[in-house]
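Chemist: Input: one structure, supplied below.
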Amino acid sequence: MLRFLAPAVTCCSLFLGSGSAHSQDRTIPSVAVGAGRLDTLVAAVQAADLAGALSSEGPFTVFAPTDEAFGRLGDDTLASLLEPGNRASLARILKHHVVPGRLAASSLVGRTSVETLAGTELPLELVRNRLLVGDAVVETADVSASNGIVHVIDRVLLPPRETAPLELLLENAVTRGAPIYNDGDPVGCAAIYATALDAVVLGDGFGLNADMRARIGDQLEQIAGNGDARDRAWAYRRIIDSLFAAMRDGTMTMTMTSASGGANANTNAHEFKSAGRMVFGFEDPAEQGRWRTVLDGVMGGRSTGEIEVQNGHVVFTGATSLENNGGFSSMRAAVPDGTFAGADAIRLVVKGDGRDYKLSVSGSRNMGAGGYWKTFPTTRDTWTEVVVPIADLDRQFMGQRMNGRIRPEDIKGVQFYIYDKKAGPFRLEIDSVEAVKLGDDDLFDA
């Protein structure tokens, strides 16, 4: 028997407390009310008006975050979610924790994912005999209710952001345009980008007001007069990237870029000249929203990590702890399909604290315990250029090296780790992340 499993009577007695009615006579919400450690979940279910649905016949499997798990979101975030105006968002988060059917922990082992009531997927992994659901660890399994089963978890699982029509349009344009540019056809790439942006200007279903559409239209007219196809492609791409940033920020307010100039008109902190396709530039604070931290708490560790954008750089700070076999902290972000297509290296401009860090990429947006890693050193308080050939990235799983390489076009996520088996505070500033071609001075993609 797996160690995370426990006999049903033991689970229920620990979960419900002595003197509680037998769980088979109680629905999932009733079981949660009597648990003593799921009060925040109960309040959230009530605020989202889901108590009735979760009391229905079902059956349901619920991954139930503890009060401590909700506390990790922060008081301000939690208070905002519980406001009446955010009911739809809260309901989607909660449905992301609910799976149709009665799935005991033993039936989850060996599966890679399950589909939730929110229409999303929860990745599953068995790591060192512990069941992981996304980034959460199952603390107590197989708590039975009359209409389903509950597994208590140590983190709130946030669903992927819903894709807006504007985002779908622009992602499709970049997915089609970037490979064409890489194949030596900037004219075709520029045409694809221009067509997508024309649709944004002419349509009214993309969430932009008339003033913003007019501003984009003016930019398109200026760009169309540029005889250099490469410059046109990059100018269109900067508008697209600005729209992406505006959507991530949630305000749809943009700082439009000039229609003239090269592929990257900005220099970083110490004037390292851009040499490829900018993946992350961090000039817009909204870029912080694309990143999330994953800490060794998923395995019981006590390391910390926070992300903040300051003066055009992302700052990753915290402290690593070796307690409970911990020792890592990471920041991660998904990237659109094809972001690294045509590249053969990843270029970083970073300032560290003298500790070693790891760059990692993933072929999956879930970005679980595996990936393709390379360690790079830092010099305390000194900006440094780091170029990592993609072919040199080693496949790893839970710190163990495995066979296999990743193709640039298959990269779907980027991660930074502090995982040097040392305890103590860390600080890594990242000015930029670029996809580049080695030995090629020309910018290769738009």
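The values are calculated or read from the model by the stated rules, or taken from the named source; none is laboratory data. Values in this document were obtained by computation on a predicted structure and should not be read as measured data. Please note: Cβ atoms are built from the backbone with ideal geometry, for glycine as well, and neighbour counts cover all protein chains shown.
Chemist: Has the stretch 53-68 got at least one residue that is modelled with pLDDT under 80, of a type in the set (A, V, I, L, M, F, W, C) and not assigned by TED's automatic domain parsing to the domain that holds S364?
Modeler: No, because not a single residue in the stretch 53-68 is modelled with pLDDT under 80, of a type in the set (A, V, I, L, M, F, W, C) and not assigned by TED's automatic domain parsing to the domain that holds S364.
Chemist: Is there a residue being surrounded by 19 or more Cβ atoms within 10 Å (Cβ to Cβ), small (G, A, S) and either modelled with pLDDT under 60 or touching a Pro at 6+ places or on another chain (Cβ under 8 Å) (or both) anywhere in the stretch 296-313?
Modeler: Taking every residue of the stretch 296-313 in turn, none turns out to be surrounded by 19 or more Cβ atoms within 10 Å (Cβ to Cβ), small (G, A, S) and either modelled with pLDDT under 60 or touching a Pro at 6+ places or on another chain (Cβ under 8 Å) (or both).
Chemist: Residue check: is G399 at pLDDT below 75, of a type outside the set (S, T, Y) and more than 30 Å from D228 (Cβ to Cβ)?
Modeler: Judged against the criteria, G399 is a match.
Chemist: Also, I was wondering about something else. Quick check on the stretch 224-249: of everything there that is more than 18 Å from L170 (Cα to Cα) and not charged (D, E, K, R), which residue is surrounded by the fewest Cβ atoms within 10 Å (Cβ to Cβ)?
Modeler: My answer is G227.
Chemist: Step by step: first the residues of the stretch 64-81, then only those that are among the hydrophobic types (A, V, I, L, M, F, W, C) and part of a helix (DSSP H, G or I), then the one that is nearest to D142 (Cα to Cα). Which residue is that?
Modeler: Selected residue: A69.
Chemist: Taking the criterion of being touching a residue at least 24 places away in the same chain (Cβ under 8 Å), crowded, with 21+ Cβ neighbours inside 10 Å and not assigned by TED's automatic domain parsing to the domain that holds P59, would at least one residue in the stretch 122-133 satisfy it?
Modeler: The answer is no, given that none of the residues of the stretch 122-133 is touching a residue at least 24 places away in the same chain (Cβ under 8 Å), crowded, with 21+ Cβ neighbours inside 10 Å and not assigned by TED's automatic domain parsing to the domain that holds P59.
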